[in-house]
Amino acid sequence: MRFGSVKFFKVLIKTVLAIAFFVPLVLCVIFGVVLYNTNSELERVRGENERLTFAAEILTGERIPDVESFYGLYSSSGHSDEELIEYINSKHGGSLPAISPTDTPSVETGVTGETGEAAQTGETGQAGNPADNSETTAEPLNTAETAAAPTAPETTETAAGPAPESAYAALYPDMTVTPPEEYVREEGTVYLTFDDGPSDNTYSILAYLKQYNVKATFFVVPRRTEYCYETLRAIAAGGHTIGVHSATHEYDKIYASVEAYLDDFHEAWEMIYEATGIRAELFRFPGGSKNDFNEATRDAIAEEMTRRGFRFFDWNVDSNDAGGANWTQMYNSIPKDISGNYRSVVLMHDSATTKNTVWVLEDILKLLIAEGYKLDSIHSDTQPVQFIGPFA
Ligand SMILES: [Zn+2]
């Protein structure tokens, strides 16, 4: 091929065209890859920046985080719940309970369970000195501490100075209980809870529980009737835990103020005592601790109830029976929701309108027992499961 020949120009043109096509293509690909990497790196840095800014604002006090975002931030840094408790203790003078390892002998031998039941009969509950309880009011709570507070037992460290008097101390001064010194958090345990009873279904529920030797927890809405009192006694006789739910269950009324809540709680608490002799220590807020009706009063109510030694339980599995779930839906969703949890508090209802709960109960019990879960009632020293906080 001679320089200047026709063949030479043909090859030249082909070469130029090839270069003109491939070079931009290769450049485009390289550029695209670089741009993509830069962008995701930028995203990562931006996310990290947001997180750090958020953290810095919390540290400098510019921002009071809500507990959920604080906890989210904390766990995103790879720390465990135990470390978080240690951190909060170091900040606030060690008022949080230690989490017992689930394999301590006390748990396996059931000693703690027995203590819990003894406490609920009122024998140990009455030993509590109201003066000791008022000392646990301690300092005003910010949002981060509110979650911890309901679980905080009294300790000698927190009782250092004279306690501020509660504005509600004069109301029902005898309505106090003594929280345990240490809480237990058992892995793989399922706590079935039945709200709103007694009802026409209570005895059926009790019969299934007895048949499978399962203990459960009833957050009750008692009435001053002989049937109700008898049923409460049957629940207690079955070895189940009775907690307070409400006397009226009327959201507007009970969440109007701390006083209104105490009135309602006292009414229910007293009926349980009249019927069974039990000074109930555990309770469940109607609608859960965080609902659309208690935004203005929830922190003050929780603080006052904690001062009195009561512990509240929300749930982390909702059977949705009150929402109308049918047999199939509950049979599928309850075990599935339980399977992802360290431990589970299952919300169910013992009310006239939740017949499906009775129908599905036996099958749920069989299935959970077959899968190796430990089904238990909530004991006096069970670490609360609450919507807000690291313990769910
Ligand atoms: Zn309810």
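The values are calculated or read from the model by the stated rules, or taken from the named source; none is laboratory data. Treat the numbers as computed from the prediction; the structure is a model and nothing was measured. Don't worry about glycine lacking a Cβ; one is built from the backbone with ideal geometry, like all the others, and counts go over all protein chains shown.
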E165 vs. criteria away from the ligand (no atom under 16 Å from the Cβ) and modelled with pLDDT under 95: yes
Residue, farthest from the ligand (Cβ to nearest atom), within the stretch 211-231, restricted to residues that are within 27 Å of the chain's Cα centre (by Cα) and not in a strand (DSSP E or B): N213
Pick from the stretch 271-287, criterion under 20 Å from the mean Cα position of the chain (by Cα) and part of a loop (DSSP other than H, G, I, E, B), ranking: nearest to T382 (Cα to Cα): E281
Residue match in the stretch 194-207 (condition: within 16 Å of the ligand (Cβ to nearest atom), in a strand (DSSP E or B) and under 21 Å from the mean Cα position of the chain (by Cα)): yes
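Residue by residue through the stretch 243-260, note down the ones that are buried (at least 22 other Cβ atoms within 10 Å of the Cβ), out of contact with any Ser or Thr (no Cβ under 7 Å at 6 or more places or on another chain) and not in a loop (DSSP other than H, G, I, E, B).
Correct list: V244 only.
Return the residue satisfying two criteria in turn: it lies in the stretch 53-77 and is more than 27 Å from the chain's Cα centre (by Cα) and assigned to a helix (DSSP H, G or I), and of such residues it is modelled with the lowest pLDDT.
The qualifying residue modelled with the lowest pLDDT is A56.
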Any chance G243 is at pLDDT 95 or above, more than 16 Å from the ligand (Cβ to nearest atom) and among the small types (G, A, S): no
Breaking point among (1) within 16 Å of the ligand (Cβ to nearest atom); (2) modelled with pLDDT under 95, for G340: (1)
Residue list for the stretch 202-217, restricted to those being among the polar types (S, T, N, Q), in contact (Cβ under 8 Å) with a residue 12 or more places away in the chain and surrounded by fewer than 22 Cβ atoms within 10 Å (Cβ to Cβ): S204, Q211
Residue in the stretch 274-286 that is nearest to the ligand (Cβ to nearest atom), counting only those that are buried (at least 17 other Cβ atoms within 10 Å of the Cβ) and more than 17 Å from G197 (Cβ to Cβ): E281
Condition broken by V345, with the remaining ones in (1) within 16 Å of the ligand (Cβ to nearest atom); (2) in contact (Cβ under 8 Å) with a residue 24 or more places away in the chain; (3) over 21 Å from L209 (Cα atoms) satisfied: (3)
Per-region count, the stretch 287-302, residues touching a Ser or Thr at 6+ places or on another chain (Cβ under 8 Å) and surrounded by 21 or more Cβ atoms within 10 Å (Cβ to Cβ): 1
Subset of the stretch 359-385 [touching a helix residue (DSSP H, G or I) at 6+ places or on another chain (Cβ under 6 Å) and of a type in the set (S, T, N, Q)]: S380
Exclusive hit being crowded, with 22+ Cβ neighbours inside 10 Å, more than 16 Å from the ligand (Cβ to nearest atom) and among the aromatic types (F, W, Y), set F265, F310: F310
Any hit, the stretch 324-338, residues being buried (at least 18 other Cβ atoms within 10 Å of the Cβ) and acidic (D, E): no
Checking T357 against (1) in contact with an Asp or Glu (Cβ under 6 Å, 6 or more places away or on another chain); (2) exposed (fewer than 15 other Cβ atoms within 10 Å of the Cβ), the condition it does not meet: (2)
